[in-house]
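Novice: Pasting a structure below so you can have a look.
The values are calculated or read from the model by the stated rules, or taken from the named source; none is laboratory data. All of these numbers come straight from a predicted model, not from anything done at the bench. Cβ coordinates were reconstructed from backbone atoms using ideal geometry, including for glycine residues, and neighbour counts include every protein chain displayed. Accessible surface is based on the protein model in full, side chains and every heavy atom, while ligands, DNA and RNA are left aside. Shrake-Rupley method; radii C 1.70, N 1.55, O 1.52, S 1.80 Å.
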Amino acid sequence: QKKQNTKKNINLEQKKKKKSTKKIQKFEQKEKLTKNKLSNIKNNLTVTNSHLSDLQNICGKSFQQLAIAHYKSEIFPHQIIDGKLLSKILQITVEEIFMTKSEVGLLSQNISSTIQKIDNLTTSKKKEKNKKNKIAKKIKLLNSEVISCENTKNEAQKRKQNFEEEAAALNELITKLQVNTVHDYTYKFSTEKLIWPVE
């Protein structure tokens, strides 16, 4: 009975172990996907930072050209220099710089939250692996209990067989003794009455 109960417990623990293995696989898949997502976000951030740098260079050059145009118009008033176009380009570039900076901020936040997710997944995976290891140890212990039960059963069967052999030997001895000791005792007294104190 103990062996059967232990085997049931082993089956339950093996089911738990399978569940745990599936959970670990899910954590690993999520971790892989999240790392890929993080890599993509980092690539996007690199591209966006490069774009931001280009915009800042364009802005700087446009500002220089606008400043040069302004000074030329001061020095050479008879030359017509269209500063409106340059100022419009500068304004659009500045607006795009602000938009790109906000995009960089969002990407940085995404990187932080994604790294946090990866850390959480790694922690959960480690916990699940520890749980799985504990289950595996318990299964090993239960298997050794099954072996112990089988050994105990074998020893008990040997003792039972010895007892049965001893009981058979004792029965045989009792039979022999009964055959040898059974006598038909008959005795006749010489008189009908015996002397005192025997009636």
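Novice: Only one of Ile111, Ile89 is surrounded by 14 or more Cβ atoms within 10 Å (Cβ to Cβ), among the β-branched types (Val, Ile, Thr), in contact with a Lys or Arg (Cβ under 9 Å, 6 or more places away or on another chain) and part of a helix (DSSP H, G or I). Can you tell me which?
Specialist: Working: Ile89 fails: in contact with a Lys or Arg (Cβ under 9 Å, 6 or more places away or on another chain).
Result of the check over Ile111, Ile89: Ile111.
Novice: Could you tell me which numbered condition Leu106 fails, if it satisfies all but one of (1) over 30 Å from Lys30 (Cβ atoms); (2) in a helix (DSSP H, G or I); (3) open to solvent by 100 Å² or more (accessible area, probe 1.4 Å)?
Specialist: Going through the list (1) over 30 Å from Lys30 (Cβ atoms); (2) in a helix (DSSP H, G or I); (3) open to solvent by 100 Å² or more (accessible area, probe 1.4 Å), Leu106 breaks only (1).
Novice: On to the next question. Within the stretch 32-72, can you find the residues that are touching a Gly at 6+ places or on another chain (Cβ under 8 Å) and surrounded by 15 or more Cβ atoms within 10 Å (Cβ to Cβ)? If you could, list the steps in order and put the result at the bottom.
Specialist: Initially, the stretch 32-72 is screened for residues touching a Gly at 6+ places or on another chain (Cβ under 8 Å), giving 66, 69-70.
Within the stretch 32-72, Leu66, Ala69 meet the criteria.
Novice: Which of (1) under 30 Å from Thr48 (Cα atoms); (2) open to solvent by 70 Å² or more (accessible area, probe 1.4 Å) does Lys158 not meet, given it meets every other one?
Specialist: All conditions pass for Lys158, except number (1).
Novice: Which one of these is open to solvent by 80 Å² or more (accessible area, probe 1.4 Å) and closer than 30 Å to Leu45 by Cα: Lys129, Lys117? Don't jump to the end; show me each part of the working.
Specialist: Details: Lys129 fails: closer than 30 Å to Leu45 by Cα.
The conditions single out Lys117.
Novice: Filter the stretch 35-86 down to the residues that are among the basic types (Lys, Arg) and more than 51 Å from the chain's Cα centre (by Cα), then identify the one that is modelled with the highest pLDDT.
Specialist: Filtering the stretch 35-86 for residues among the basic types (Lys, Arg) gives 35, 37, 42, 61, 72, 84.
Now restrict to residues that are more than 51 Å from the chain's Cα centre (by Cα): 61, 72, 84.
Values: Lys61: 83, Lys72: 74, Lys84: 74.
Selected residue: Lys61.
Novice: A further question follows. I need the full set of residues from the stretch 2-31 which are among the basic types (Lys, Arg), over 23 Å from Lys132 (Cβ atoms) and open to solvent by 80 Å² or more (accessible area, probe 1.4 Å), in order please. Step through it out loud before you land on a result.
Specialist: Just the residues of the stretch 2-31 that are among the basic types (Lys, Arg), to begin with: 2-3, 7-8, 15-19, 22-23, 26, 30.
Remaining after also requiring over 23 Å from Lys132 (Cβ atoms): 2-3.
Hit for the stretch 2-31 is Lys2, nothing else.
Novice: Any residue that is charged (D, E, K, R) and either over 30 Å from Asn57 (Cβ atoms) or part of a helix (DSSP H, G or I) (or both) - is there at least one of those in the stretch 75-83? Explain how you work it out, then say what you get.
Specialist: Narrowing the stretch 75-83 to residues charged (D, E, K, R): 82.
From the residues that got through so far, the ones that are either over 30 Å from Asn57 (Cβ atoms) or part of a helix (DSSP H, G or I) (or both) too are none.
No: the stretch 75-83 contains no residue that is charged (D, E, K, R) and either over 30 Å from Asn57 (Cβ atoms) or part of a helix (DSSP H, G or I) (or both).
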